[in-house]
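Chemist: Okay, here's the structure, questions in a sec.
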Amino acid sequence: MTEYKLRTHNVRKTYGSVVALKAASIEMQEGEFLTLLGPSGSGKTTLLMAIAGLNNPDSGDIWIDGKLANFLPPFKRDLGMVFQNYALFPHMNIFDNIAFPLRMRKMPMALIRKEVARVLEIVELDHVAKRFPRELSGGQQQRIALARCFVYKPSIILMDEPLGALDKKLRETLQREIKQLHENLGITVLYVTHDQEEAMVMSDRICVMNDGSIDQIGTPNELYFQPSTMFSADFLGESNLFDAQVLEVGKDSVLMRGPAGMNVLGELKEPVKIGEQVKFMIRPETVDTDNDATRDNAVEGILKEVIVFGQITKYFIELSDGTEMVSTQLTCRGSSTIEIGQRIILNWAKTSTVILTNDAGS
Amino acid sequence: MSSKSEQLPSVTYTSIVRPRNWSRFLSISPAILFLGFFFIYPVVLLLGLSFVDSSGTLTLEHYTRLYEKAVYAKVLLITLKIAGWTTIFSILAGYPIAYLLSTVKSSTRNSLVIWVLMPFWTSFLVRTFAWIVLLGRHGALNELLLALGIVDAPVRLIFNFTGVMIGMVHALMPLCILTMMSVMENIDRNLVSAASTLGARGGQAFWRVYFPLSAPGVAAGGMLVFITALGFFITPALLGGARDTMIVQVIIFQIHEVLNWGFAGAIAMLLLASVLVIFFFYDQLLGLSTLSGESTHEHKKGVIGRIGRRLGGGVINILGYLCEQGGILIDKLTPQRTDRARRQGSRTTLWITAMTVIAFLCIPALFVIPVSFTEDGFLGWPPKGFSLQWYEQVLNSPAWAAAASRSFVVAISSALLGMSIGVPAAFFLARRQFFGKAALFAFLVSPIIMPNIIIAVALFYLYAKLGLVGTNIGLILGHTILAIPYVVITVMAILKNYDHRLDQAAWTLGANKWQTLTRITLPLLSAGLIAAFMFAFVISFDELTIALFVTGGEVTTLPKQMWDDALMRVSPALAAVATLLLAFMSCIIFSTEYVRRRGLRK
Ligand SMILES: Nc1ncnc2c1ncn2[C@@H]1O[C@H](COP(=O)(O)OP(=O)(O)OP(=O)(O)O)[C@@H](O)[C@H]1O
Ligand SMILES: [Mg+2]
């Protein structure tokens, strides 16, 4: 059995009558970057706090480095936590803030000076050591929070929406910096965000959370193109999501009857029965508008609207029964050969059809 | 970002209404004139008396006497000692409660705060008499101690330093708790969590992070208690022995018994000087702005500030270290099991401590209620039987009825007057930027800082010349002096959270300045204004010091009537009055709270 760096098993936490976390189980390899992604109130912070030892779970187990850590006090867990609002100590200057964990570890003063200077250099803020947190900008405070966490070299770092309060530009810069620090230092990072793009960009794996439980864990790619639950399919990115009935089950493919009487071919991943009611999902960017009727799946409709979103263009097509389908294409010059009101044939490969059985994720 | 959006409207605001010069100070001038004439002027007169002798020539004889007679230095020392210990005990006992209150759910907090405030609602005098009965040689406490076999003979708990401490800490601790709580509520709980993930044990995290952040609250609370304690005279007079005489008692003696105004003025000067010296040191250490419960983390540059910070830092290091070692020791003795939660011993201890202190705060009030129904002829414990005779006696007595109605009229009038002077002043201070704003604010709230006895004696002196002694008007004007600072502080606090853009929106929609004020601003602020009014009302309703002097023994208010009654004979009728007052005050406070909540929901 491989030893996980961090493992939780069926962790449950309630606040009075509110079940904040139902039964969360995650495993993390050493050096992995795992992101918890989910809507507000889905229990991300609660799980992070349980791992940090800041709230005692009602039941379930937490292992760190293969050792049971359910009730280990936070200061013995060898992990670092970056809080959403940074939690810099307002009564200490930047130097003292960063030196705090080292002082708690009884390091000699000379070494503390050296280490603080080292991390301040890493986050490129060596000139602010004498200032107080409120004298820094949001982005600078965020970097100091990171530095305070890196300085004592914890082997696991937990980050709770560390970039939530920053503007888009700064967020992107810091995303890259965090990613770089993660790679250079080889730390295990458990990250929380509700920005999907951020999760996609940064993570080795993403854990989608919904209503206190874990919906699906997988690489960004898997989650995006092969979601296994309705919630993940709907929550991540955009999707065309339809009801369908299974008509035929082949060796490696399934034929379904979808809206507007269309026949839809998909790959067989999970066993389904003939006649079963299922849903299927197609990402808009895998749907082509080039009138190619010979693909695995093809359906006719009327183009209702075209919206150019900079790099991409969205086509809204109405099928014969009024159902709407979306196709996303890269914007290119002269792509307006098709006009609104025109009939077009949408088409996509059977590998792009994701079948979602009703019991999963409901 | 946020600072921009906050500043922008106020900048536009001042540029939109640029009043002509003469009318600029129209809203603030009543406050300045009123306090100038009824507060500053008489106080200056009184202090001025200390520099002239009986024939009216300039002299320093009062001060040389003050300096030469060792007894006055001794009284000052005793006063400082009593105030100092009261402060220390109030902080030590109050801190755990404030901490608990700031960490529990808000519903739990609201119900606990009611109990903490209990001493405020029980009349000052009744509380003191309750202590006399409870702590006396054959009092309830001694009986209990004897019955439990803890002591063999009754302990002396009263008419000495212990008695004074119990009475004063009981009276002043709620002030300390509320001040500390207002700072603690704003401490981000994540900071302690962050400290513990960064490697600090519970004790270290507390001493190095939480405590320094709560220190401004401790200092402000301690400061308020200390200053208020300096002006006490009822508690030491009734609960203390001869050796616990405080400085205000000496002032009263000089005026009532010896009629030596000049010397009384000199002692008042001494008292005032001590207050100012204390304020100076406080300002050097922490800055006066922390008194309003704001925690500034700005570091004072002065020498005193630096020394204080060094000392504070050293103490915190030592305490943090000790707690850490204690934690390690406990770990060694009972190794931490990672599969089982450690019993939350510290939290339980906190609750027990807090509950004990709350019990201490509530006992006199709870004692008063049963005693008011006694059949006995004196205030004793336990009460015998059940009767309503004392209520009948009080309700049928013309003296009590007159006192109650006068108190009511005076309280309503002075609250109204205080509002009409204080509200415009608060608007002025909150909305305008001008040179000397801090000084003006300090001036308007200075009646809180001035020991009440000085105001009372000074007013007595002024009224004697104006013929206002013994009149309702005189009483109303006196209470208005005390009401103004509370109105200004309360209204400024609500204005701080008021969104000026609403006014601007009204203007752009075509409302003029007056319409905006009456249709938008005041309705939105109504909950806060009502709270300010109630505050002013309660202050006047429970006020004794000024009433004692300016009524001239002819007319009485409720507290004064109780005082006179108590000096003659301590009867259960007093307990009945106190119970009625308690019920009345509870109604006021609950309705204020109700209005405030409804205001929040809006
Ligand atoms: N201290 C608490 N007391 C009571 N309920 C709580 C407490 N902390 C969290 N909850 C509840 O538990 C649930 C999960 O909260 P949690 O903070 O873990 O959500 P989250 O996923 O971090 O949300 P967000 O993205 O908004 O931060 C929520 O319904 C929340 O209201
Ligand atoms: Mg959260």
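Chemist: Quick check on A:GLY261: is it over 17 Å from the mean Cα position of the chain (by Cα), closer than 30 Å to A:LEU346 by Cα and away from ligand 1 (no atom under 16 Å from the Cβ)?
Modeler: So A:GLY261 passes the test.
Chemist: A follow-up question, please. Are any of the residues in the stretch B:152-165 within 30 Å of A:SER155 (Cα to Cα), out of contact with any strand residue (DSSP E or B) (no Cβ under 8 Å at 6 or more places or on another chain) and among the β-branched types (Val, Ile, Thr)?
Modeler: no
Chemist: Next up: Looking at (1) within 30 Å of B:PRO424 (Cβ to Cβ); (2) within 19 Å of the chain's Cα centre (by Cα); (3) open to solvent by less than 60 Å² (accessible area, probe 1.4 Å), can you tell me which one B:PHE535 breaks?
Modeler: Single failed check for B:PHE535: (3).
Chemist: If I ask for residues that are among the β-branched types (Val, Ile, Thr), at pLDDT below 85 and within 29 Å of B:GLY202 (Cα to Cα), which ones from the stretch B:334-386 would you list?
Modeler: B:THR334, B:THR338
Chemist: Continuing with this model, one more query. For the list (1) within 8 Å of chain B (Cβ to nearest Cβ); (2) in contact with a Pro (Cβ under 6 Å, 6 or more places away or on another chain); (3) at pLDDT 90 or above, I need the number of the one condition that A:LEU79 fails.
Modeler: Here A:LEU79 clears every test but (3).
Okay, residues lined up against (1) open to solvent by 40 Å² or more (accessible area, probe 1.4 Å); (2) touching a helix residue (DSSP H, G or I) at 6+ places or on another chain (Cβ under 6 Å):
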{"position": "B:ALA458", "(1), (2)": "no, yes"}
{"position": "B:LEU468", "(1), (2)": "no, yes"}
{"position": "B:LEU477", "(1), (2)": "no, yes"}
{"position": "B:LEU482", "(1), (2)": "no, yes"}
{"position": "B:VAL488", "(1), (2)": "no, yes"}
{"position": "B:ILE494", "(1), (2)": "yes, yes"}
{"position": "B:ASP499", "(1), (2)": "yes, no"}
{"position": "B:LYS513", "(1), (2)": "yes, no"}
{"position": "B:GLY528", "(1), (2)": "no, yes"}
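Chemist: Show the residue pairs meeting these rules: Cβ distance below 6 Å; 6+ apart or different chains; first residue within the stretch A:132-161 and of a type in the set (A, V, I, L, M); second residue within 16 Å of ligand 1 (Cβ to nearest atom).
Modeler: A:ALA145/A:VAL82; A:ALA145/A:TYR86; A:LEU158/A:LEU48; A:LEU158/A:ALA52; A:LEU158/A:MET81; A:LEU158/A:LEU190; A:MET159/A:VAL82; A:MET159/A:TYR191
Chemist: Considering each of B:LEU198, B:LEU148, B:LEU224, B:LEU178 in turn, give the residue that is farther than 21 Å from B:LEU101 by Cα, away from chain A (no Cβ under 14 Å) and aliphatic (A, V, I, L, M).
Modeler: On inspection, the qualifying residue turns out to be B:LEU148.
Chemist: So if I check each of B:SER387, B:SER413, B:SER372, B:SER346, which one is within 14 Å of chain A (Cβ to nearest Cβ) and of a type in the set (Ser, Thr, Tyr)?
Modeler: It is B:SER346.
Chemist: A follow-up question, please. For the stretch B:363-380, name all the residues that are within 30 Å of B:LEU172 (Cα to Cα) and surrounded by fewer than 18 Cβ atoms within 10 Å (Cβ to Cβ).
Modeler: B:LEU366, B:ILE369, B:PRO370, B:PHE378, B:GLY380, listed by residue number.
Chemist: What's the number of the condition A:LEU6 fails, among (1) away from ligand 1 (no atom under 14 Å from the Cβ); (2) surrounded by fewer than 22 Cβ atoms within 10 Å (Cβ to Cβ)?
Modeler: (2)
Chemist: Quick one: which helices (runs of 4 or more DSSP H) sit completely within the stretch B:146-249 and have at least 1 residues that are surrounded by fewer than 21 Cβ atoms within 10 Å (Cβ to Cβ) and basic (Lys, Arg)?
Modeler: B:189-197
Chemist: Yes or no: B:GLY199 assigned by TED's automatic domain parsing to the domain that holds B:ASP331 and under 17 Å from A:LEU158 (Cβ atoms)?
Modeler: Judged against the criteria, B:GLY199 is a match.
Chemist: Go through the stretch A:254-281 and give me each residue that's surrounded by fewer than 16 Cβ atoms within 10 Å (Cβ to Cβ) and in a strand (DSSP E or B).
Modeler: The answer is A:ARG257, A:ASN263, A:GLN277.
Chemist: Those residues that are at the interface with chain B (Cβ under 10 Å from one of its Cβ atoms), in contact with a strand residue (DSSP E or B) (Cβ under 9 Å, 6 or more places away or on another chain), more than 16 Å from ligand 1 (Cβ to nearest atom) and open to solvent by 30 Å² or more (accessible area, probe 1.4 Å), I need them from the stretch A:42-70; list them, please.
Modeler: Residues satisfying the conditions are A:ASP61, A:TRP63, A:LEU68.
Chemist: I've got another one for you. Are there strands (runs of 3 or more DSSP E) fully within the stretch A:288-345 with at least 3 residues that are in contact (Cβ under 8 Å) with a residue 12 or more places away in the chain, more than 27 Å from A:VAL254 (Cα to Cα) and touching a strand residue (DSSP E or B) at 6+ places or on another chain (Cβ under 9 Å)? List them.
Modeler: By residue number, A:297-309, A:312-319.
Chemist: Just to be sure before I move on: is B:ALA130 in the same structural domain as B:ILE278 (by TED's automatic domain parsing), buried (at least 19 other Cβ atoms within 10 Å of the Cβ) and in a helix (DSSP H, G or I) in the structure I sent?
Modeler: Judged against the criteria, B:ALA130 is a match.
Chemist: Report, by residue number, each residue of the stretch A:94-129 that is within 13 Å of another protein chain (Cβ to nearest Cβ), in contact (Cβ under 8 Å) with a residue 12 or more places away in the chain and surrounded by fewer than 18 Cβ atoms within 10 Å (Cβ to Cβ).
Modeler: A:ARG105
Chemist: A follow-up question, please. Within the stretch A:21-41, take every residue that is away from ligand 1 (no atom under 13 Å from the Cβ) and open to solvent by less than 10 Å² (accessible area, probe 1.4 Å) and give me the one that is nearest to A:ASP211 (Cα to Cα).
Modeler: The qualifying residue nearest to A:ASP211 (Cα to Cα) is A:ILE26.
Chemist: Go through the stretch A:172-196 and report how many residues are of a type outside the set (A, V, I, L, M) and either within 16 Å of ligand 1 (Cβ to nearest atom) or within 14 Å of chain B (Cβ to nearest Cβ) (or both).
Modeler: 5
The values are calculated or read from the model by the stated rules, or taken from the named source; none is laboratory data. These numbers were taken from a predicted model, which means no experiment stands behind them. A quick note on method: Cβ atoms are made from the backbone with ideal geometry, for glycine too, and the neighbour counts reach across all protein chains shown. For accessibility, only protein heavy atoms count, side chains too; no ligands or nucleic acids. Shrake-Rupley method; radii C 1.70, N 1.55, O 1.52, S 1.80 Å.
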